[in-house]
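Heads up: the structure comes next, in structure tokens.
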Amino acid sequence: MAVRNAENGLIWGVRGQWRSSAMTLYSTLIETMRLSCTVFEIYPVILSDVSNYRPISLTSVFCKIFERILKQQVLSYLLENNLITRQQFVFLCKCSTCIQLLDSVNDWTLTVRDRRSVDVIYILILRRHAFDSVNHPKVVHKLEAYGICANLPNILTDLLFDRSQRVVLSNAASTFLPVTSGVPQGSVLGPVLFLIYINDIVDLFDGSDARVKLYADDIKIYLEIPNDTDCATLQTFIDKITVWSHSCQLK
């Protein structure tokens, strides 16, 4: 942590002079298509008790700035080409739980006004540690499927493969161990990679009357139910989500 504070202080002290050097550094990174952020220190943030925590990865400030540049470019590409579903309400500009709730309540109000019934199902794919369950080869495959340029995945995969991390708590630290799955929490690109990984779940509902809303891996499905047949249809979607989650190793 002391090294990180020193790095922050250095950047703050020379913030008016380091721009040209930073531009040279980032230009070199883009030309070589490599991003060296392979060693992470994890600082657990306790949410309720010691068994429920968020493992925050602290990375270099220079690395975070470069990640932010890449994030803007990747998200712009995905949104401009309608590759990210509009039913996702987290980690995206002008999206929130409030907007998702307003959208859902509006649909339900129209259904109730017309004296029809609607069934709503809430699904949490992973009870905890969703970010840690992302399969690295599969997320790379999805990056390529969405048409991310041929070289850019090298930078993105550097954030995933050949990583090692240790846990730091107070003055104690564990030994470094390899990371075999997941995207680093606390990084800038981690949430974007997670969105890409789960984005295709909405394809399960193509051509149906069911509506789906996402908030990361929290899923809300609702469907008007005029007869028992539609109840069976809703169950079919639940079964499809189960199969999809197993294929993505999100269990």
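The values are calculated or read from the model by the stated rules, or taken from the named source; none is laboratory data. Only a predicted model underlies this, so the values are computations on that prediction, with no experimental measurement involved. All Cβ positions, glycine included, derive from the backbone under ideal geometry; neighbour counts span all protein chains shown. Accessible surface areas use protein heavy atoms only, side chains included; no ligands, DNA or RNA. Shrake-Rupley method; radii C 1.70, N 1.55, O 1.52, S 1.80 Å.
Side notes on the structure shown:
- Cα centroid of the range 216-251 to Cα centroid of the range 90-134, whole Å: 13
- Solvent accessible area, Å² - Cys63, 1.4 Å probe, full protein context: 10
- Quarter the surface of the alpha carbon convex hull of the range 59-113 and you get the mean projected area, 5.0 square nanometres.
- Cut-off 14 Å between beta-carbons: net charge of the residues surrounding Cys93, Lys and Arg +1, Asp and Glu -1: +3
- Net dipole in debye of the range 105-251 [+1 Lys, Arg Cβ; -1 Asp, Glu Cβ; about Cα centre; nearest 20]: 480
- log₁₀ of I(q)/I(0) at q = 0.15 Å⁻¹ - the range 148-199, Debye sum with one point per alpha carbon: -0.52
- For Tyr215, Tyr122, Tyr146, Tyr197, the ranking by accessible surface with the largest value first comes to Tyr122, Tyr215, Tyr146, Tyr197, using a 1.4 Å probe.
- Calculated FRET value between Asn171 and Arg54, using beta carbons and R₀ = 25 Å, to 0.05: 0.75
- Taking Cβ atoms as reference points and 12 Å as the exclusive limit, the residues near Asp206 contribute a net charge of -2, counting Lys and Arg as +1 and Asp and Glu as -1.
- Three-way shape label, the range 140-231, alpha-carbon gyration tensor, a/c 1.5: oblate
- Radius 15 Å from Cβ of Val167, net charge of other residues (Lys, Arg +1; Asp, Glu -1): +1
- As a calculated quantity, the FRET efficiency between Ala232 and Asp162 at R0 = 41 Å, using C-beta atoms, amounts to about 0.30.
- Nonlocal amide H pairs with Ile56, under 5 Å, H built at 1.01 Å: Tyr43, Val45
- The gain in end-to-end length when the Ser181 to Ser76 segment is fully stretched comes to 35.2 nm, 0.36 nm per residue minus the alpha carbon separation.
- Once backbone amide H atoms are built at 1.01 Å from N, Ile225 has Ser117, Val118, Asp119 as its partners under 5 Å, excluding neighbours fewer than 5 places away on the same chain.
- Note on Tyr43 and Gln249: with the Förster distance fixed at 25 Å, the Cβ-Cβ geometry gives a FRET efficiency of about 0.45.
- Coordinate range along principal axes, alpha carbons of the range 101-184, Å, largest first: 61, 41, 17
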